[in-house]
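For reference, the structure is listed below as structure tokens.
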Amino acid sequence: MKTPHRIALIAALLTAAGGVAAASPAAADSALVIHGTISLGDASHPAAAGEARVSLVGTYLDTSVQPVGSPVLTDASGGYSLTTTTPYTGENLELRVEYLGAGGYQSVYGNRAHYVGLPGEGEDLSRLPGPDIAFDQTLPLPTTITGRILTTANAAPPVGSVTASRSDAHQWFSAHPDQAPPVKTLADGTYTITGLLPGVYSLVFDVSASSSSGYRVTDTRPFTVDTSGGSVAAPDQVAYGQAYIGAGFQCPRCSNASGSIIGDSQLLQVEPDGSETVVQRRADYIGSYGTYGFQTFPGTYRVMEYIGGQPEAGAFWSDPITVGEYDSVTPTTTLTLPATTRLAGADRYGTSAMISANTLSASSRYDPGVGTVFVTSGQNFPDALSAVPVAGSLGAPLLLVPQGFVPAAIGNELTRLHPGRIVIVGGTASVSDSVATTLSSYVSSAADVVRVYGGDRFATSRAVTEFGFPTGSKTILLASGWAFPDALSAGAAATSKHAGVLLVDGRGSSPDAATVAELKRTGVTNVEIVGGPAAISSGFEAGLSAIPGLTVTRVYGADRFATSVAITADAFPGLNSAQADVVGVFHEHDTAVIASGLNFPDALAGAALAGRMGAPLLIATQACVPPDALSAVEYLGVKTAVLIGGTASLSSGLDTLTTCR
């Protein structure tokens, strides 16, 4: 048996009425049969005898065309049957239909309608079951595009080229004879492109020329013309002199890298409202020094440079750069890490007060008169973990207290906030009644202090979830109630999903009845298990998956730090897209929160802050940031990393985002 070749059954057009019926894997000793009807203008007008010629050709890398077998002519009813046993060792087999009559209809080859309107096009021959391939083709009348190019001074530009490319179909730039070549503009800037298949085209004008001031490029932005209904006179288009933004950059912390590393440069256009859009991207191999260069239209831009493979190298964001026609801007800059700021108090309670009193941004502040403040134990983590997404969804701060009294820092912050109500999370073993009495002095009446709790950490988690989501939720995250790191990262991510976090005892071989009952109460349809099978067992997951109407997924990594990154990638889809080199997904969030993955107290209030800002939360060791976590910060285009806690939680090395080795 020979290896099946890919066969691109290419039809030209929006009016094509046929389809691929079937094919079986080709063999050296069996014929390949393709048959069908060729029509003119529409499917009701078949070609006459000999009015069209159908042939099979092979292409290799879109640069050469080789006939395969012998062509055939249409019969009196427009039918054809093409049979060939000729082996072909190239890349693709394609069908070609040439018009031979005098009616002016357009011939159709392989490259300008690869994916238009026909099921099965481009399938491997081995994937098409059946004895042969049935394929009907309609040949259209050609269309023409005319128009004019002007400069910003309303004058004709230098003579240049206008290129039309199909935008409603995959277009191969190959040796096929129907590839429309670029056309030259006339002295008055007008142009005419003939012989086009009906369809939607993207056009662009380009001229490059030398002048006394150097090499100058003038382009139009791509513009769309639709010839599906016939020939079109396009509106006048303006050609702009291209500016050049180029710079050298230094990466001092890349100098220890062995060999070349890849730098990813992006040019972002700054819109009038301050938003930014990636318009160009390029990759460079660099050492401790590199360059980038972008040719672009007049406007305001910023450049971002990320050094792949060197997470500690950081990402550079330039200041806004405004350029006019033919400007050349070549600043030299130094690559820097995202800025860091630290929120820390004298102890865990003071840190939670500092987080509540932060003035980082309008989206992070908790202003006086806030509706709700959550108060929970700073000595144990379970109660606070379920409170994080609820606090985030209500825009409420999370303050920590010991079991028996209200620290001065917390009292001062409550005086500043003057909240409408205080919600204590946990029973009296976590936050005593005497603390509740003291808290009532910071609100209008004792009735404005509410306690939410259950018989144990799991029951308290269910009670908090019911309190925060009384009408239910479509999504809920499950995390182990026996360790804090997974639930900590999940709490911040849950806020972005408008979901709660339910703590469970995942050690059992099946889900407990109380958890199942709470899931049914919420009307949840999507459950995300946070953490690996060691945290929540496979049997627990299987039991949930067996519940009708419930979709269960699991998000985890090799350890708590990798799980934190996985949760961030799940909550911020742009991270996965950026890692897959999809243009335009960087700069998803200005801020990230970094908290200890080894000690919970500071991190609890930090998770609530991350939820408040809709920011990712990533965990670190006391001494350094894991490489994948720092890469996530950079991929998301973070400009400021907020460190939670003092140097006992996160060392001074994290002020410069020291990377774990």
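The values are calculated or read from the model by the stated rules, or taken from the named source; none is laboratory data. Everything numeric in this text was worked out from a predicted model, so none of it was measured. Please note: Cβ atoms are built from the backbone with ideal geometry, for glycine as well, and neighbour counts cover all protein chains shown.
Annotations
- Candidates A409, A446, filtered to the one that is within 30 Å of A620 (Cα to Cα) and either in contact with a helix residue (DSSP H, G or I) (Cβ under 7 Å, 6 or more places away or on another chain) or surrounded by 18 or more Cβ atoms within 10 Å (Cβ to Cβ) (or both): A409
- Selection status of V97, at pLDDT 85 or above, in a strand (DSSP E or B), out of contact with any Lys or Arg (no Cβ under 6 Å at 6 or more places or on another chain) and within 20 Å of A134 (Cα to Cα): yes
- Filtering region 481-514 to residues that are surrounded by fewer than 22 Cβ atoms within 10 Å (Cβ to Cβ), modelled with pLDDT of 90 or more and either among the basic types (K, R) or closer than 13 Å to S386 by Cβ (or both) leaves only R507.
- Condition check for P119: over 20 Å from T194 (Cα atoms), at pLDDT 90 or above and part of a loop (DSSP other than H, G, I, E, B): no
- Qualifying residues in region 600-629 (those that are in a helix (DSSP H, G or I), under 22 Å from the mean Cα position of the chain (by Cα) and not hydrophobic (A, V, I, L, M, F, W, C)) - the one modelled with the highest pLDDT: G611
- Any hit, region 377-388, residues being in a loop (DSSP other than H, G, I, E, B), buried (at least 18 other Cβ atoms within 10 Å of the Cβ), modelled with pLDDT of 95 or more and outside the structural domain of F484 (by TED's automatic domain parsing): no
Let's see how each residue does on (1) part of a strand (DSSP E or B); (2) out of contact with any Cys (no Cβ under 9 Å at 6 or more places or on another chain); (3) at pLDDT 85 or above:
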{"residue": "D178", "(1), (2), (3)": "no, yes, no"}
{"residue": "Y201", "(1), (2), (3)": "yes, yes, yes"}
{"residue": "V207", "(1), (2), (3)": "yes, yes, yes"}
{"residue": "V217", "(1), (2), (3)": "yes, yes, yes"}
{"residue": "A247", "(1), (2), (3)": "yes, yes, no"}
{"residue": "N256", "(1), (2), (3)": "no, yes, no"}
{"residue": "Q269", "(1), (2), (3)": "yes, yes, yes"}
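- Verdict on S77 being at pLDDT 70 or above and over 13 Å from I133 (Cβ atoms): yes
- Residue that is more than 21 Å from D512 (Cα to Cα) and more than 38 Å from the chain's Cα centre (by Cα), where the choices are G454, G392, G420, G491: G420
- In a residue-by-residue description of region 610-632, the property of being of a type in the set (G, A, S) and more than 19 Å from P485 (Cα to Cα) applies to at least one position.
- Residues of region 635-661 that are touching a Pro at 6+ places or on another chain (Cβ under 7 Å), surrounded by fewer than 24 Cβ atoms within 10 Å (Cβ to Cβ) and outside any loop (DSSP other than H, G, I, E, B): T640, T659.
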